[in-house]
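The structure under discussion appears below in the form of structure tokens.
Rule-based calculations on the coordinates, nothing more; no lab input. Keep in mind it's a predicted model, so treat the numbers as computed, not measured. In this analysis, Cβ positions are derived from the backbone assuming ideal geometry, glycine residues included, and neighbour counts consider all displayed protein chains.
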């Protein structure tokens, strides 16, 4: 951290791919099982990213049935028809316990918020497939001061307003915040606002970078 930067007062976190294993790992397994091209599902989701079925579902603009229909059509247009329901079943990952430990330490010293793009499906904000996992994730979310869900607020990352909403709720300036996300596209608006950002590729790497910014251990 340079002398020109404001002291850190808040740490903002994505949830899926940060506190849980990335759904992209499940996407890759599905693609291999079904004989689809590598990263095909991500390609479909990246086409028309603000208006496609994925974006509409994260803003709660369409039902699961409509998502299934629209994703089938979008994937077919890209060369391989995939049922949208199959994709939804891949979204809930496994908890990364070391990230939960770090959150507990951070929450004792800094303001905290979770900004998650999610859908009204499954159990709880992380769309868990069973009630036991939903209960575990609910306990993690209770550690945050603020939880902002795209499906509830009608905005989704990378729309700038959702980051601004988190900062207002925590009463901090973006320059006083660190933001962690596993997607570079979601980090760009946060960085443009003045936040320090960390792209999460794994728990160890993310905690190394966050410890360097904060100046103390998190494990």
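Extending 7 Å from Cα along the Cβ direction at residue 5 and again at residue 143 yields two label points whose distance is 2.2 nm. Relative to the current alpha-carbon distance between residue 169 and residue 108, full extension at 0.36 nm per residue lengthens the span by 20.2 nm. This structure gives semi-axes √(5λ) of the Cα gyration tensor in Å, computed directly, and of (1) 41, 20, 12; (2) 30, 18, 17; (3) 30, 22, 17 that value is listed as (2).
Diffusion of the stretch 122-219 by Stokes-Einstein, at 25 °C in a medium of 0.890 mPa s and with Rh set to the Kirkwood radius over alpha-carbon pairs, works out to 165 µm²/s. Calculate how many DSSP beta bridges within the chain are antiparallel, expressed in % of all such bridges and rounded to the nearest 5. Among the beta bridges of the chain, antiparallel pairing accounts for roughly 10 percent.
Counting beta carbons within 10 Å around each of 157, 152 and listing the fewest first gives the order 152, 157. Put in line by how crowded their Cβ is, counting other Cβ atoms within 10 Å and starting with the fewest, 105, 62 read 105, 62. With contributions of -39500 (n - 2.57) from each DSSP H run of at least four residues, the per-residue ellipticity at 222 nm computed over the chain stands at -13500 deg cm²/dmol.
Between the helical axis of 160-170 and the longest alpha-carbon principal axis of the chain there is an angle of about 40 degrees.
Each of 75, 138 was scored by other Cβ atoms within 10 Å of its Cβ. Arranged with the fewest first, they read 138, 75. For the pair residue 94 and residue 213 in one chain, pulling the backbone fully straight at 0.36 nm per residue adds 40.2 nm over the alpha carbon distance.
When peptides 212-218, 172-178 are sorted by average Cβ neighbour count within 10 Å, with the highest value leading, the order is 172-178, 212-218.
Rg and Dmax of the stretch 23-88, both derived from C-alpha coordinates alone, stand at 11.0, 31 Å.
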